[in-house]
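> Input: one structure, supplied below.
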Amino acid sequence: MSTYRMHLLVCGGTGCQASDSRQLADNLQAQVLMAGMGKEVQVVTTGCFGFCEKGPIVKVLPDNIFYVEVKPADAEEIVSEHVLKGRPVNRLLYVEPGMKERIAEHREMPFYKKQLRIALRNCGFIDPEDINEYISVDGYQALGKVLTEMTPDALLVLMKKSGLRGRGGGGFPTGLKWEAAARNKSDKKYIICNADEGDPGAFMDRSILEGDPHSVLEAMAIAGYATGADCGYIYIRAEYPLAIHRLVIAIGQARQAGLLGENILGTGFSFDIEIKYGAGAFVCGEETALIHSIEGERGEPTNKPPFPAESGLWEKPTCVNNVETFANVPPIILNGPEWFSSIGSEKSKGTKVFALAGKVNNVGLVEVPMGIKLREIIFDIGGGIKDGKKFKSVQTGGPSGGCIPAEHLDTPIDYENLTRIGSMMGSGGMIVLDEDDCMVNVAKFYLEFTCDESCGKCTPCRVGNKRLHEILTRITEGKGTMKDLDNLKELGGIIKDTALCGLGQTSPNPVLSTMKYFWDEYVAHVVDKRCPAGVCTALLSYYVLPDNCIGCTACRRVCPVSCISGEVKKVHEIDQTKCIKCGACQKACKFGAIVRK
Amino acid sequence: MRLVTIRINNTEYTVPEHYTILEAAREAKVNIPTLCHMDLGDLKAVNHVASCRVCMVEVEGRRNLAPSCATKVTDGMTIHTNTPRAVKARRTSVELLLSDHPADCLICEKNRSCDLQKLAADLGVRGNLKYKGAMSTYREDISSKSIHRNLDKCILCRRCETMCNEVQTVGILSAVDRGFETVVSPAFGMPMSETMCTFCGQCVAVCPTAALTEISSLRQVWEAINDPDKFVVVQTAPAVRVALGEEFDMEPGTIVTGKMASALRMMGFDRVFDTDFGADLTIIEEASEFIHRLQHGGRLPILTSCCPAWVKFFEHQFQDLLDIPSTCKSPHEMFGAIAKTYYAEKFNIDPKKMVVVSVMPCLAKKYESARPELTGEGFSNVDYVLTTRELGMMIRESGFNFADLEEGEFDNPLGESTGASVIFGATGGVIEAALRTAYEWLTGETLEQVEFHALRGLEGIREATVKIGDLDVKIGVAHGLGNARKLLEAIRRGEVNYHAIEIMACPGGCVGGGGQPYHHGDAEIIKKRTAAIYREDAGKPKRKSHENLQVMKLYKEFLGEFYGEKAHELLHTHYTAREKI
Amino acid sequence: MGIKSLDELKSLRDKLKTDINIRASGEIDSNIRVVVGMATCGIAAGARPVFTAMVDEARMLELGNVTFVQSGCMGACHSEPTVEVRFPGLEPILYGNVTAEAGREIVRRHVRNGELVQNLIIGRPFETV
């Protein structure tokens, strides 16, 4: 039925178009027609392939050959050699820097190996509402394997050996967590899946639950077997209706298939799972708060120790892991701990999912091996900064994380390194900031979030963060003093040192890291009363450049507070005392005569 | 018990492994300031939220400072309590609390008895606060007769919550909202008067600041005293006399009955009487009721009804058991009823001009005195209720040097009392007093050993079997509403059975009442008051209520039969099923 | 109807896998699989009307050899909604920013005629275990 036997895909992304990919596509089309193959070969212009630095790119299907830096003049050779004679054009193949070999196949290229999907392996490929699809991709084989071939102790050894660490933020070794729960004797134990994803902009857990719910159910049962628990709870925020819907279907199907419930696979092991809904409080992602919430109490953290592994839900040993952590478990068991620990960096094994957002071209959910550099994520996978602006900082770890400057872009990402440079892994939010972002304002934004989401229990978080936010507000309004900067630093340090839970202890990170790396911006706000990025409204002024102004009156007519004066064909003037800094005049001016300072 | 070795400030100590750092430090006489922490020892009330972050100490090997109140010791732990880092963090926590706290110490209800004020002074917080900003403002709740909530002064220590939810299981107070807006409140911000609050006042008793205080009647009482048209009668509860001295820095457990009577008289009360008289009267009625139920197949167990917080608790929580509590009014209400009838008649005083003031260790009595069934017939049994603390304030206002006052006496005839009435002030006392009388009435024999030690002590629920003639009488005692709930639920399920049960809402009984001088978390104070109560009893020539001659005279001249018609009219009450909200 | 043992689970898996392999290799009546990214993000970007439009188009064209699958998120937030077309034995083609009309076009041209649709294909830059 298919009429075309071959397709030539020409990247039409912004980068490639800039290097004449449109002309290239036209030339290819012409060559194909000239060769009389218009009915057999189709030339297709595509969206960005994400490999802009080597563009323009041409991909040939079904051969899956990948040409780089193709010029319009190369069209003839591609058609005459490759299309007609089936001989790939060697000189246009990609050469990996430092290697001699030319790489022909798209999937062989290291660039496309920057993303490795373990946790997200089934997302976007299987139908999450059909357990058979999951089974067809080895679903529940890991559970079957541990139940029939492994003792709980051997399973714990395997998990420790894999080096898997908690993906919810803390990075605690999962094997040790399971072992602690396993060692505590009790008549009842619980496994909890923490699906209270709360970092602004992070949605990897939701994606996994919506795309591959069975992988989490399977891993929870495996954790149950390892720790001696027969009961699991998934604590999920009620704002995730689709994830809940698919979980409900998945649990029902798993029960019906005998993969949850009594006597799973005839092994005598029983495990069942119940869903508990959270109201979406950020702090309920903290495990003790989460446990209290399940118990029907106010979602507030309590001091640790005791850790949940000793005294958790209903004061029974409890193991709390997050969604992404669980999603890693079945492949680890099927492929072996050595396989898993061969991926990643020395202390952080496997992959991490990041929600890449902000001023980057390809926003999205990416899963990368630990140890990858921030630069690779932002510039290779993310396709660089939007609108050709200058990179300023990347914020990782959500509201508990920090802002990382350009000087640390080549830091390999793992738990320790991110903490060392003043940020953290967190659940995997990654927000890219460019030259138009004011770092003081960014810090203020995150503090506002923390203030809103603080449970209000301990003094440093409840009052301290409020005070931090107030100081930041003062600074952005041009009312800050150098003393304020001292106080910010000191109070931030004390909050980190004294707050009760992880939320409070990390809440000053956005402030402290921006003060560390962007001190000048703070000083500019405080001393010069100036916002270098031009974000803080109170510190902005709009001026008319007399040389550019032709007196067209366009600005005067749009000003909502009528603070611009000037006659036709004469230079206009803005009354600074009345100006509300809305920027309407600047937009209206066709002559670049209005500037913001 | 396993022991571990730790180092605190470079000295080695060996302590049990279940200790917290704070417990270890206190035993080692190392002072670590605390604020939210509270441990009432035998009274089993522990606040371990670790929310204030004042007791922070440095523990070697830990990244962050540790709250000493909530961190258990481990073997080899090295602790530093007074490093610059710890001290600074501690002071910052207090400064932050002060930055959201009205600085009106001089005119604050808790001036000089505020834990926050003391802590700030001890930590040398002086002059300008480093951090300033928005302050919380809430509408004050003065809806009830008992408890004044001023949440601008709340520091979120959550002690009140622990008392309300864990100890009393009433569950009125909990933190709502979050972040800087977090506030301790009844559900939906309901006023206290509309909740299931029993007004036991344990929240007030433990509040470190003036966020929770009593609704004061002090001004009204002074006005009545100074009104020449009014005949003002005062009565004082048994537990007041063993605690009032604390208001004047006397050793807890000092018995100040005489000085108190002198002070009251000097302040201008027309008559100074004793609630103990009402307590003896209560025993006559309650013992009669008990014997009546016992002999006529009435419903058992009989529950005491002296404690108004307990009464409100069962009206809300045990509506199906409303017929088992005794119908006796509480002693001060009985007293009020008698004062305004018998006494007024006898001395030709217009009851409408008579004002009865009760000095009580209690906040619920304030609520009780306003219950409609106790205020009808044109006059209230009791017009005003003052707490022990308010009385202390009145004495200070009067300028008396309390310690130097002479030992006065109560006026008669409503001033006579026996040892049986004194022990009403401690948990187990009411039932012990009732037994002393019931025993003699049922057997016709003299009771030689009047002390029932099995009924005393601080165990939350106690029970004893007392042989009265051929009958084994099973007695239960509970103090603290949580214990009361346990006992009542066991009865409801038919698991236990008793003939008679005494219940007091406050841990320790009235000596630990919500109107008593603040104990600042020191449960030893309550124990000393209890000891004083029993000392006072032991020193009394008469120790059985039915030996109170004035009480007997009251029946002869006025009431007629024990548990008779007139007694019912004046001394008994009824209960109302209340919504569970 | 529950699965009673690991062996049973394995044979079920093998059977399901074989079915897919047969389909994938085109041995039986070439079955084309069209996967629409329908996590919350995809749905928010308009995946639901795209899905129904594509199913509708296939029905109108009486295409019997295509299966439409609602799947999870492929991570390409910058180009939602996404649709992947998998021909047996061929490299999957991922389309981004698909509208209902574009979805119909994909069915008409790609699914029916094997012709790729201009300007909508995006890269799929990751590996899966």
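> For chain A, give me the percentage of DSSP beta bridges that are antiparallel, rounded to the nearest 5 percent. Don't jump to the answer; show the numbers that get you there.
Working: 35 of 63 bridges.
Beta bridges within chain A, antiparallel portion: roughly 55 percent.
> So how do B:HIS48, B:HIS574 line up by other beta-carbon neighbours within 10 Å, fewest first? Please report the intermediate quantities before stating the final value.
Values: B:HIS48 17, B:HIS574 7.
Ascending number of Cβ neighbours within 10 Å: B:HIS574, B:HIS48.
> Can I get the semi-axes of chain B's equivalent ellipsoid? Compute them from the C-alpha gyration tensor as square roots of 5 times the eigenvalues, in angstrom, largest first. Don't skip to the end; give the middle numbers.
Working: eigenvalues 358, 152, 99 Å².
For chain B, the ellipsoid semi-axes come out as 42, 28, 22 Å.
> Here's something else I'd like to know. Report, as a whole number in µm² per second, the diffusion coefficient that Stokes-Einstein gives for chain C at 4 °C and 1.567 mPa s using the Kirkwood radius over alpha carbon pairs. Please report the intermediate quantities before stating the final value.
Working: Rh = 15.6 Å.
Answer from the Stokes-Einstein relation: 83 µm²/s.
> Label-point separation (nm) for A:THR481 and A:ALA18, each offset 7 Å from Cα along Cα-to-Cβ?
With each label placed 7 Å out from Cα toward Cβ, I get 4.8 nm.
> Further, regarding this structure: Lysine pairs, Cα distance under 23 Å, 8 or more residues apart or cross-chain: how many in region A:439-526?
Step by step, the pairs that qualify in region A:439-526 add up to 21.
> If we restrict to alpha carbons, what Rg and Dmax does region A:131-337 come to, in Å?
Using the Cα atoms of region A:131-337, the pair Rg, Dmax is 15.5, 44 Å.
> So, one more: Can you figure out the FRET efficiency of B:GLN220 with B:ASN31, using R₀ = 30 Å and their beta-carbon distance, to the nearest 0.05? Numbers along the way, then the final one.
On the way: r = 42 Å, r/R0 = 1.41.
According to the calculation, E is roughly 0.10.
> I need the phi-derived Karplus couplings for region B:247-252: 6.51 cos²θ - 1.76 cosθ + 1.60, θ = phi - 60°, integer Hz, Gly and Pro marked x.
Listing the rounded values in order: 5, 10, 6, 7, 4, x Hz.
> Just subtract the alpha-carbon distance of B:GLU579 and B:PHE347 from 0.36 nm times their residue separation and send over the number in nm, one decimal.
Values: separation 232, 0.36 × 232 = 83.52 nm, distance 4.31 nm.
Result for the pair: 79.2 nm of gain on full extension.
> Another question, then. Per residue of the protein assembly as shown, what 222 nm ellipticity follows from adding -39500 (n - 2.57) for every DSSP H run with n ≥ 4, rounded to the nearest 500? Please list the in-between numbers first.
Numbers: 42 runs with 417 residues, N = 1307.
Counting only the DSSP helices, I get -9500 deg cm²/dmol.
> If amide H atoms are built 1.01 Å from N in the plane of the peptide, which residues on other chains or at least 5 residues away come under 5 Å of the amide H of A:TYR190?
A:THR318, A:CYS319
> Suppose R0 equals 45 Å. What FRET efficiency, 1/(1 + (r/R0)^6) with r the Cβ-Cβ distance, do B:GLU448 and B:ASP270 give to the nearest 0.05?
Values: r = 41 Å, r/R0 = 0.91.
According to the calculation, E is roughly 0.65.
> How much length, in nm to one decimal, is gained on full extension between A:GLU105 and A:THR553, taken as 0.36 nm per residue of separation minus their Cα-Cα distance?
Values: separation 448, 0.36 × 448 = 161.28 nm, distance 6.01 nm.
Gain on stretching A:GLU105 to A:THR553: 155.3 nm.
> Relative contact order of region A:351-434, please, whole-number percent, based on alpha carbon pairs below 8 angstrom and at least 6 residues apart.
Numbers: 184 pairs, mean separation 31.2, N = 84.
Taking the mean separation of contacting Cα pairs over the length of region A:351-434, I get 37 percent.
> Output needed for region B:46-185: three equivalent-ellipsoid semi-axes, defined as square roots of 5 times the C-alpha gyration tensor eigenvalues, in descending order, whole Å.
Details: eigenvalues 164, 87, 35 Å².
Ellipsoid half-lengths, sorted descending, are 29, 21, 13 Å.
> Return the Rg/Rh value of region A:6-113, two decimal places, where both radii are evaluated on C-alpha atoms and Rh is the Kirkwood radius. List each step's numbers first, then the result.
Details: Rg = 12.8 Å, Rh = 13.6 Å.
Rg/Rh: 0.94.
> Could you give me the ³J(HN,Hα) list for region A:119-130, computed from phi with Karplus coefficients 6.51, -1.76, 1.60 and θ = phi - 60°, whole Hz, x at Gly and Pro?
Taking θ as phi minus 60°, the curve returns 5, 9, 3, 9, 5, x, 10, 9, 7, x, 9, 10 Hz for region A:119-130.
> Now for a separate question. Which value, to two decimals, describes the C-alpha radius of gyration of the protein assembly as shown once divided by 2.2 N^0.38 Å?
1.18
> Here is a follow-up. Using 1/(1 + (r/R0)^6) with R0 = 56 angstrom and r between the beta carbons of A:ASN90 and A:SER565, what's the FRET efficiency to the nearest 0.05?
Details: r = 69 Å, r/R0 = 1.24.
Result of the calculation: an efficiency of 0.20.
> Something else now. So for region B:3-99, considering every pair of alpha-carbon atoms, how many percent are separated by more than 22 Å? Intermediate values should be presented prior to the final figure.
Working: 1152 of 4656 pairs.
Distances greater than 22 Å cover 25 percent of the Cα pairs.
> Taking the Cβ of A:GLU295 as the center, what net charge do the other residues with Cβ under 12 Å away carry, scoring Lys and Arg +1 and Asp and Glu -1? Can you show the working numbers first?
Values: positive: A:LYS276, A:ARG298, A:LYS316; negative: A:GLU297, A:GLU300, A:GLU315.
Summing Lys/Arg as +1 and Asp/Glu as -1 gives 0.
> Near the amide H of A:ILE275, under 5 Å away, which other amide H atoms are found, from residues 5 or more places off or on another chain, if H is placed in the peptide plane?
Those qualifying (amide H under 5 Å, at least 5 residues apart or on another chain) are A:ILE234.
> Given axes a ≥ b ≥ c from the Cα gyration tensor, I'd like to know whether region B:417-522 is rounded (a/c under 1.5), prolate (a/b larger than b/c) or oblate. Numbers along the way, then the final one.
Values: a/c = 2.74, a/b = 1.28, b/c = 2.14.
In terms of gyration-tensor shape, oblate.
> Continuing with the same structure: Quick one: net charge of B:VAL256's neighbours, Cβ under 15 Å, K/R +1, D/E -1? Don't skip to the end; give the middle numbers.
Working: positive: B:ARG241, B:LYS259, B:ARG265, B:ARG389, B:ARG396, B:LYS528, B:ARG529, B:ARG535; negative: B:GLU246, B:GLU247, B:ASP249, B:GLU251, B:ASP274, B:ASP276, B:ASP404, B:GLU406, B:GLU407, B:GLU409, B:GLU536.
Charge balance in the 15 Å sphere: -3.
> For the residue pair A:THR148 and A:MET34, what label-to-label distance in nm results when each label sits 7 Å from Cα along the Cα-to-beta-carbon direction?
Reported label-point gap for A:THR148 and A:MET34 is 6.3 nm.
> From the cross-link list B:LYS312/B:LYS553; A:LYS114/A:LYS390; B:LYS312/B:LYS566; A:LYS114/A:LYS389; B:LYS329/B:LYS353; B:LYS118/B:LYS527, which pairs have alpha carbons spaced over 27 Å apart? Don't skip to the end; give the middle numbers.
Values: B:LYS312/B:LYS553 33 Å; A:LYS114/A:LYS390 23 Å; B:LYS312/B:LYS566 25 Å; A:LYS114/A:LYS389 24 Å; B:LYS329/B:LYS353 23 Å; B:LYS118/B:LYS527 24 Å.
Result: B:LYS312/B:LYS553 exceed 27 Å.
> While we're looking at this one, here's another question. Provide the gained length on full extension for the span B:THR83 to B:PHE188, in nm with one decimal, where the gain is 0.36 nm per separating residue minus the Cα-Cα distance. Each step should come with its number before you reach the end.
Working: separation 105, 0.36 × 105 = 37.80 nm, distance 4.37 nm.
Net length gain for the segment: 33.4 nm.
> Could you tell me the relative contact order of region B:151-251? Use alpha-carbon pairs under 8 Å, at least six residues apart, and round to a whole percent.
Details: 83 pairs, mean separation 23.5, N = 101.
Across region B:151-251, relative contact order equals 23 percent.
> Shifting gears a bit: Residues of region B:315-330 with amide nitrogen under 13 Å from the 7 Å Cα-to-Cβ point of B:THR169?
B:317-318
> Measure off 7 Å from each Cα along the Cα-to-Cβ vector at A:ASP387 and B:GLU495, then give the distance between these two points in nanometres to one decimal.
Once both label points are built, they end up 7.0 nm from each other.
> Per residue of B:91-97, how many C-beta atoms from partner chains lie within 10 Å of its own C-beta, taken as a mean?
Average per residue, whole number: 6.
> Starting with the fewest neighbours, write out C:ASP56, A:ASP153, B:ASP470 ranked by other beta-carbon atoms found within 10 Å of each beta-carbon. All intermediate terms of the calculation are to be shown ahead of the outcome.
On the way: C:ASP56 14, A:ASP153 11, B:ASP470 7.
The fewest-first ordering by Cβ neighbours comes to B:ASP470, A:ASP153, C:ASP56.
> How high is the relative contact order of region A:131-337, in percent, counting Cα pairs under 8 Å that sit 6 or more residues apart? Working shown, then result.
Numbers: 391 pairs, mean separation 61.5, N = 207.
Once divided by the residue count of region A:131-337, the mean separation gives 30 percent.
> Considering amide H positions built from the backbone, and no H for Pro or chain starts, which residues 5 or more places from C:VAL69, or on another chain, come under 5 Å of its amide H?
Close amide H contacts, sequence-distant or interchain: C:VAL34, C:VAL35, C:VAL36.
> In what sequence do C:VAL117, B:VAL204 fall when counting other Cβ within 10 Å, fewest first? Could the numbers behind the result be given before it?
Details: C:VAL117 22, B:VAL204 26.
The most exposed by this proxy come first: C:VAL117, B:VAL204.
> Compare the peptides A:120-129, B:393-402, C:107-116 by average per-residue count of other Cβ atoms within 10 angstrom and give them in order, highest first.
Highest to lowest by the protection proxy: A:120-129, C:107-116, B:393-402.
> Now for a separate question. Could you tell me which of B:GLY133, B:VAL46, B:ALA24 has its Cα farthest along the dipole of chain B towards the positive end, charges placed at Cβ (Lys, Arg +1; Asp, Glu -1), taken about the Cα centre?
Among B:GLY133, B:VAL46, B:ALA24, the one farthest towards the positive end of the dipole of chain B is B:GLY133.
> Let me ask something else. My understanding is that a pair violates if its Cα-Cα distance is over 21 Å; which of A:LYS54/A:LYS113; A:LYS161/A:LYS304; A:LYS304/B:LYS72 do that in this structure? All intermediate terms of the calculation are to be shown ahead of the outcome.
Numbers: A:LYS54/A:LYS113 16 Å; A:LYS161/A:LYS304 26 Å; A:LYS304/B:LYS72 10 Å.
Flagged as over cut-off: A:LYS161/A:LYS304.
> Compare the peptides B:133-140, C:37-44, B:341-348 by average per-residue count of other Cβ atoms within 10 angstrom and give them in order, highest first. Numbers along the way, then the final one.
Values: B:133-140: 13.2, C:37-44: 24.9, B:341-348: 15.0.
Going by the mean number of other Cβ atoms within 10 Å, highest first, we get C:37-44, B:341-348, B:133-140.
> Which angle between 0 and 90 degrees, to the nearest 10, do you get for helix C:6-24 versus the longest principal axis of chain C when only C-alpha atoms count?
40
> Please enumerate, by chain and number, the aspartates and glutamates with C-alpha under 13 Å from the C-alpha of B:LYS340, excluding those fewer than 8 residues away in the same chain.
Within the straight-line limit of under 13 Å, B:LYS340 reaches these aspartates and glutamates: B:ASP350, B:GLU377, B:ASP383.
> Let me ask another. With a ≥ b ≥ c the root eigenvalues of the C-alpha gyration tensor of chain A, is it rounded (a/c under 1.5), prolate (a/b larger than b/c) or oblate? Write out the running numbers ahead of the final one.
Details: a/c = 2.29, a/b = 1.12, b/c = 2.04.
Cα axes put chain A in the oblate bin.
> Turning to a different aspect of this structure: Only residues of region A:249-263 count here: report those whose backbone N is under 14 Å from the spot 7 Å along Cα→Cβ of A:ASN132, or say none.
A:257
> Something else: Write down Rg/Rh for region A:439-526, rounded to two decimals, with Rg from the C-alpha atoms and Rh from the Kirkwood relation over Cα pairs.
On the way: Rg = 11.8 Å, Rh = 12.5 Å.
Expressed as Rg/Rh, it is 0.94.
No lab work stands behind these numbers, since they all come straight from the coordinates. All values derive from a computational prediction rather than experimental measurement. When we count neighbours, we look across all protein chains shown, and the Cβ atoms used for this are built from the backbone with ideal geometry, even at glycine.
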